[in-house]
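Step one of this worksheet: look at the structure below.
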Ligand code: PLP
């Protein structure tokens, strides 16, 4: 029998990408503030590490074939060092992968049943659970809960996805909000899947890791990535951290069965990204994106509309006061692309996402266009 769950998936951004393609092909100048992808180049330290690693493999002594599917120790040690001062990690708790998307979706191999997902959310959580035959239960994000819905203590689930800082809203969970989720998970024996792919954007005093919360070790799995910090979206590297003994064994078996790991040069590049010099290079890029997001946030706020994100995240999320797909069409007429909230969940129909992943020049133009459009 074919897995017809795959036919249930909706790709809500299809019409949006088609419209953008059409506008671009007509020769119009388009400023794309909708993309969730980094735009600045890799740092020198990372590039040098990649070049050296490939050169190493060109001779007998340096050649490497398959590595451990969970990653090389040198990268696990670099990850553990990155966490130092917040959380103590051991090598056997770290599983290197080709990115957070693979792990957020692959993790569904660990459980069956009902899953809490916030609405709006990163679409991978919903789609991968539908493919796996699980049942997403949506927790509505809205203005009154600041797009951080609390657990419904009356509903037991197998797993919960929490994204902090969140895509698409850019909101970040506080220590007490995460502690409430850990209490829920412990009471209901639910698994917390904590996606902190945007952790490097946190500027306020909020947890960077779910393991900073007491009691999380038994119930949580953390997924992080080099994509949005060190700019690895085109290189592919991330990792999952698991402390619970049983889950650790299960995930090790799962990875060994389904993956041959990440290439040696990419792991060397990721190691370099977490070196002191590597971090200082990509932190400049993160600061640049955050400054862009700050400009967008202030421009939108001045128009008097509800707006969050942009402080601990490259994403700014705002109420456009009308159907987001219609607002998308209006902005496109001015040559600006933003992402309609409808693509991230049903409760986000009147919201839009813009991102700081652009040039300063384009961000300033986008601010002007948004201010004009929001007046109407
Ligand atoms: N998690 C979130 C919340 C994201 O927004 C993204 C990418 O946009 C990812 C994970 C995917 O990251 P990666 O490039 O490591 O697969």
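When each of the peptides 241-251, 259-269 is scored by how many other beta carbons lie within 10 Å of its residues on average, the order from highest to lowest is 259-269, 241-251. Considering only DSSP beta bridges whose two residues both sit in the stretch 44-275, what percent are antiparallel, to the nearest 5? Antiparallel bridges: around 35 percent, rounded to the nearest 5. Listed peptides 7-18, 320-331 appear in the order 320-331, 7-18 once ranked by packing, highest mean of other Cβ atoms within 10 Å at the front. Computed per residue of the chain from DSSP H runs no shorter than four, each worth -39500 (n - 2.57), the mean residue ellipticity at 222 nm is -12500 deg cm²/dmol.
Taking the highest mean first, how do the peptides 367-375, 296-304, 25-33 order by number of other beta carbon atoms within 10 angstrom per residue?
Numbers: 367-375: 16.4, 296-304: 18.0, 25-33: 14.0.
Highest to lowest by the protection proxy: 296-304, 367-375, 25-33.
Quick one: grab the alpha carbon gyration tensor of the stretch 231-376, order the square roots of its eigenvalues as a ≥ b ≥ c, and give me rounded if a/c is under 1.5, else prolate or oblate depending on whether a/b is larger than b/c. Cα axes put the stretch 231-376 in the prolate bin.
Which of rounded, prolate or oblate describes the stretch 39-90 when judged by the alpha-carbon gyration tensor and an a/c cut-off of 1.5? Since a/c reaches 1.5 but b/c is at least a/b, the shape of the stretch 39-90 is classed as oblate. From the square roots a ≥ b ≥ c of the eigenvalues of the alpha-carbon gyration tensor of the stretch 44-275, which class results: rounded (a/c under 1.5), prolate (a/b over b/c), or oblate? It is prolate, given that a/c is not under 1.5 and a/b is the larger ratio.
Each reported figure results from applying straightforward, stated rules to the coordinates on display, with no laboratory input. Predicted model only: the values in this text are computed from it and were never measured. Glycine gets a Cβ as well: all are built from the backbone with ideal geometry, and neighbour counts include every protein chain shown.
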